[in-house]
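All remarks here apply to the structure that follows.
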């Protein structure tokens, strides 16, 4: 099976702009989660989508949003970019078989990431 | 919230040496995974191990859920093992959370 793919791999934006990142999960996986990785804060959970519904959300401002399509592909959007949004954005997919209201309890597989630089 | 602590933060080894990485967590979990992040940022899944012991080649892992820790063993290390190793958990009693990552152990293996 093909792995998780993310596009674009690298992105440079300026403050105030908005950006959309894309993630295609492993075939058959219905859950897609997004994480932000920075040197200072490490890996932090942004949100998770399952069957086109946001099932969980981390502690990030409303400028960070996402969606999932019927084919399980997901996009995340960051509006009004700030310098602190520069990070590696990682997407993970899994079968999503966990209990309702909680994140899945099965293995998560990560994509290669999108490295976003905000100038 | 749950705390995930990894030790040591840094580890320098000669090729061929063995090592043990530790992950302590402060509350019960229903998911624990070990990842290796390569220099290009890719997180590679090593083990899904909420409890018990698993082995995969030169790597093995043990999680003692009742004592809230997990160990990752690397035997006969190779230069390609270099990178950052993360432990990540999903807390049992915090609905709406996701994988909580430790700060990682940075491993450098020299030839």
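Mind checking the log10 I(q)/I(0) for segment B:62-111 at q = 0.20, 0.25 Å⁻¹? Debye, one equal scatterer per Cα, no solvent, two decimals.
Each listed q corresponds, in turn, to -0.82, -1.03.
Would you mind giving the average projected area, over all directions, of the Cα convex hull of segment A:28-98 in nm² with one decimal?
Working: hull surface 19.2 nm².
So the Cα hull casts an average projection of 4.8 nm².
Report P(r) for the protein assembly as shown: all Cα-Cα distances, bin width 10 Å, range 0 to the bin holding the largest distance, values in whole percent.
Going from the shortest bin to the longest, the percentages are 8, 33, 36, 19, 4.
Between residue A:13 and residue A:59, what FRET efficiency follows from the Cβ-Cβ distance if R0 is 22 Å, with the result rounded to 0.05?
It comes to 0.45.
Step by step: find N for segment A:55-94, compute 2.2 N^0.38 Å, then divide the Cα radius of gyration by it. What's the final number? Spell out each step's value before the answer.
Details: Rg = 11.4 Å, N = 40, 2.2 N^0.38 = 8.9 Å.
Compactness ratio reported: 1.28.
Residue A:83 versus residue A:20, label points 7 Å from Cα toward the beta carbon: distance in nm?
2.9
Calculated FRET efficiency, residue A:106 and residue B:64, Cβ-Cβ r, R0 35 Å, to nearest 0.05?
That gives a FRET efficiency of 0.95.
Once you place label points 7 Å from the Cα toward the Cβ at residue B:15 and residue A:51, how far apart are they in nm?
5.2
Please compute the average number of Cβ atoms from other chains found within 10 Å of each residue's Cβ in peptide A:32-39.
Shielding by partners across A:32-39 averages 2.
According to a simple spin-label model (label point 7 Å from Cα along Cα-to-Cβ), what is the distance in nm between residue B:106 and residue B:54?
Here the answer is 2.8 nm between the modelled labels.
Hey, with R₀ at 30 Å, roughly what FRET efficiency would residue B:78 and residue B:40 work out to, going by the Cβ-Cβ distance, to 0.05?
0.95
For all pairs of alpha-carbon atoms in chain B, what percent lies in each bin of width 10 Å, listed from the first bin to the last filled one?
Reading the bins upward from 0: 15, 49, 29, 7, 0.
Where a number appears in this text, it was derived from the coordinates with a stated rule and is not lab data. Nothing here was measured: the structure is a model prediction, and the numbers come from that model. Cβ coordinates were reconstructed from backbone atoms using ideal geometry, including for glycine residues, and neighbour counts include every protein chain displayed.
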